[in-house]
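Have a look at the structure below before the remarks.
Derivation of every value follows stated rules applied to the coordinates shown; laboratory data play no part. Note that the structure is a prediction, hence the values are computed from the model and not measured. Neighbour counts run over all protein chains shown; Cβ positions are idealised from the backbone, glycine included.
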Amino acid sequence: MDPILQGLNHAQQDAVTSVSNVLQILAPPGSGKTKTLTSRVAYLLQHHRYKPWDIICLTFTIKSSREMKDRIAKLLGGDIARRLVLGTFHSVCRRYLVTYGHLIGIQKGFGIADSSDTMAMIKRIIKRLRLNVDAKKAQSRISSSKSKGLPSPDQQGGHTTWESAQKPAQKKTLEQQEFFTVFEAYQSQLAKSNLLDYDDLLLRCVDLLRQHPACVSNVEVVLIDEFQDTNVVQFDLMRLFAAKNKRITTVGDPDQSIYGWRSAETKNLQKMKHQYPDTLIIHLKDNYRSSGAILLAADEVIQQDMSRPSKYLLPTHCPGTMPVLRRLPTPEIEALWIVSELQRTVGLTGRLLAYSDFAILLRSASLSRQVELAMGRAGIPYRMVGGKKFFDRLEVKILLDYLRVISQPNNNDAISRIINIPARSLGATTVKGLLEEAETRKVALWTLLRNSTQNIPRTKLSKAAEQGLGSFVNLILTSRNKILDVSNPGSPETILGYIIEKLDFRHYLEKSHAGDQETRWANVEELVAQASEYTVYDANKWKEDDDLPNIEGLEQQRGNAAEEAMAKFLANIALASELQKEEEDLEGKGKGALQSQVTISTIHAAKGLEWPVVFVPSAYEGCIPHSRAEDTDEERRLLYVAMTRAQALLYISCPTKNSQREETALSPFLSTKPVGNMLVNQGPTINSSTVNDIAQILRRDSPTQAQIFEACETLQSIHDNLWPLTGEEEVKAIGAKWSKWDSNNETPEHPFKRRRIQD
Ligand code: ATP
Ligand code: MG
């Protein structure tokens, strides 16, 4: 049998080998959609003799694109996998803009503005123009206009056109007028700083492909995962990428559409059928991910949506262990319960499960604090996904800002953030003055600074400030020269090392962050380790490796290889910190990856992924459904997505009081009788038969008795150290009053009580 088809069921094989030009695979969670899509890519490459760059495959997360690449590498070799145009919409669009952006006036070496950059920019604009606009609202409104494909005011020559695209006949209110002013100033600031924001990456790529369809004249097939969550702009991109011969495969599941709030259009599934009437629909039915019991509970939740056609998840695994729904007094205790269940499970399954097999999925990233705290205290390593933990750390941000300025000196915001770090006698007032001066002269701050001796009236700067400025400019210039040095181009790692040395950064951390300088220094080392992944390609290798093919008649834009390595490093960080991406892509390659870590993630960022054990905390009304959410059905689907990530064990929990100490009600999605019937209120008994079930679901070997005892021993000592460290009064009492937790007055076992496996 063809190795590509091995391990696929009949429906999956049909989808992989289908000769239909337009294919839509519609199927529930865990039915192998992504696996099938990956196999189809491999099959097309193998049997249709396409070149890797003739296929565009778009995924939703960096993690899934990497998994797809790995699988294709196994089937067809690493060389082919590396050259595929396979990645998220944002990363693929960036690649096209890097290569062909100059055709639509995008400057070489553009940077990516992440959401904290855009926020800073918007705030500054509002302040400068003295407008009465809420910055956060403006940010989300700008993004939502862009993701609906509404052109920005500057592209359309002013407010009137933009507005008429929305509401033709209405007169602008003051609020609208002010918003347009912000929007316009924001776009012009981005352009001046040679930055594109996330939405621009897609929108500008649409512009590029509309004006220069030849850029994709080689593309034979376009494949898209998680199609239910694409927006209008992404639909356009699909059409444009596939313009040559309209061969498209999409996979999706309307039950998992959870990005409506970001202008995703489930309608795209139908729209595709209208646009391409010969679309062949293939359904996959069997679920290969989760235990039967988990699927039953998830099914009961999604069935509450009466508007959807009734369909059920079909398990291929054993029923396994009933999912748990547990009410606990407070979020602190809830977090401790999660940690203790986690430890207990690791122990009682005899290390069949490692920390990396556990995920804690949150309705919003802001809920992570309690869980992080409890994990920290118990010494359990974890990583945050969908949050911005690593790249948001101050010391990491400072160094990244230096790199951004070196790579793209027109970035006024980044310069203002770092110009006085370490202190250079350039305080906030001086920097403000410099910015205003630059504004008046209509030049970028960098242009002003670079020529400071001629340009800035000396009287405005103190002697010390002038010196400070000189040393800053000098550092940026020498670092830039290192990148541009043709004979010995500086890699991101070299440049980073150079700045760290020149800034005497370790000393700076000791001085200004005494107390936790070691942790901060470790983060700096981690960043250097990540930078080392980005090597400067020599010209030939670069051409082959990561580049779009040469197309006759289309001039490609080439930076020098070192500039490109740096731009790529920075772009990947910017893309990784976007909500739907995982920092893990970068962090995972660093030292931290050696240790097995629990994943803490938002539910949104967990889409398409799976873990043996999943915890879903804070399942109360107001959190899920979220009090500010407009679409209750979408909130329900979100819970459904969270539940269907679990393979063997699922724990849902709900504190009776939230962090503001207000009484909470259990999420209405969980309080119906049919759902209740599918859940139990205690941590599951874990005995040899349940351990065997888990092993079977995960296709792993069952642990031996000896392994189980050994794991329990170690965990007992962890537990003994855990409780005295918890601090808070309420929580201190837990050890003693464990049984009082349970509202039903049952006496659950102490979670760490050593016990023998029942045979
Ligand atoms: P989601 O909707 O959550 O994205 P999906 O439909 O994309 O899910 P996959 O992630 O492709 O599902 O597959 C789920 C799990 O089932 C994976 O571990 C995959 O390897 C496994 N799987 C898929 N098909 C089969 C099969 N035919 N035999 C065995 N395992 C399979
Ligand atoms: Mg999938």
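Worth a mention:
- In the chain, helices alone account for a calculated mean residue ellipticity at 222 nm of -14500 deg cm²/dmol, with every DSSP H run of four or more residues adding -39,500 (n - 2.57).
- Rounded to whole numbers, the Karplus 3J(HN,Hα) couplings from phi for the stretch 638-646 are 5, 5, 4, 4, 4, 5, 7, 7, 7 Hz, using 6.51 cos²θ - 1.76 cosθ + 1.60 with θ = phi - 60°, and x at Gly and Pro.
- Per-bin percent of Cα-Cα distances, the stretch 227-300 [5 Å]: 3, 13, 21, 20, 16, 12, 8, 5, 1, 0
- If the chain linking LYS192 and SER310 were pulled fully straight, counting 0.36 nm for each residue of separation and taking away their Cα-Cα distance, it would gain 37.2 nm.
- Using only alpha carbons, the stretch 333-478 has a radius of gyration to Kirkwood radius ratio (Rg to Rh) of 1.25.
- Neighbour counting of Cβ atoms within 10 Å sorts the residues ARG344, ARG239, fewest neighbours leading, into ARG239, ARG344.
- Globularity ratio of the stretch 262-380, using Cα Rg and 2.2 N^0.38 Å: 1.45
- For the chain: relative contact order, % (alpha-carbon pairs under 8 angstrom, 6 or more apart): 20
- Sequence of TYR198, TYR355 once ranked by neighbouring C-beta atoms within 10 Å, starting from the fewest: TYR355, TYR198
- For the chain, size of Cβ-based charge dipole, Lys and Arg +1, Asp and Glu -1, in debye: 1280
- Dipole of the chain, positive end: most advanced residue of LEU328, LEU509, LEU103 [Cβ charges, Cα centre]: LEU103
- LEU548, LEU195 arranged by Cβ crowding within 10 Å, fewest neighbours leading: LEU548, LEU195
- Lacking any other cysteine beta-carbon closer than 4.7 Å, the following Cys residues of the chain have no compatible partner: CYS57, CYS215, CYS318, CYS623, CYS654, CYS712.
- Both radii were evaluated on the Cα set of the stretch 166-255; the Rg over Rh quotient, with Rh as the Kirkwood radius, amounts to 1.09.
- With only the Cα atoms considered, the stretch 284-334 has a convex hull volume of 111 Å³ per residue.
- Nearest-0.05 FRET efficiency for ILE104 and ASN474, computed from C-beta distance (R0 30 Å): 0.25
- Which listed pairs, of LYS432/LYS511; LYS63/LYS148; LYS148/LYS568; LYS63/LYS311; LYS69/LYS108; LYS172/LYS568, have C-alpha distances above 31 Å, in listed order: LYS172/LYS568
- The smallest convex shape that holds all Cα atoms of the stretch 47-149, its convex hull, gives 149 Å³ per residue.
- Area projected by the alpha carbon convex hull of the chain, averaged over all directions, nm²: 35.3
- When the inverse distances between all different Cα atoms of the stretch 339-379 are averaged and flipped, the Kirkwood radius reads 11.2 angstrom.
- Summarising the amide proton neighbourhood of VAL680: residues at separation of 5 or more, or on other chains, whose placed amide H is nearer than 5 Å comprise VAL324, LEU325.
- Mean projected area in nm² (Cα convex hull; one quarter of hull surface) for the stretch 22-87: 4.5
- The distance between label points at SER689 and GLN176 comes to 6.7 nm (points 7 Å beyond Cα on the Cα→Cβ vector).
- Relative intensity, log₁₀ I(q)/I(0), of the stretch 611-683 from a Debye sum that treats every alpha carbon as a point, q = 0.15, 0.24 Å⁻¹: -0.51, -1.23
- One chain, two ends: HIS47 and HIS283. Fully extended at 0.36 nm per residue, the span grows by 82.6 nm beyond their Cα-Cα distance.
- Stretch gain in nm, segment SER366-ARG262, where the contour uses 0.36 nm per residue and the Cα spacing is subtracted: 35.6 nm
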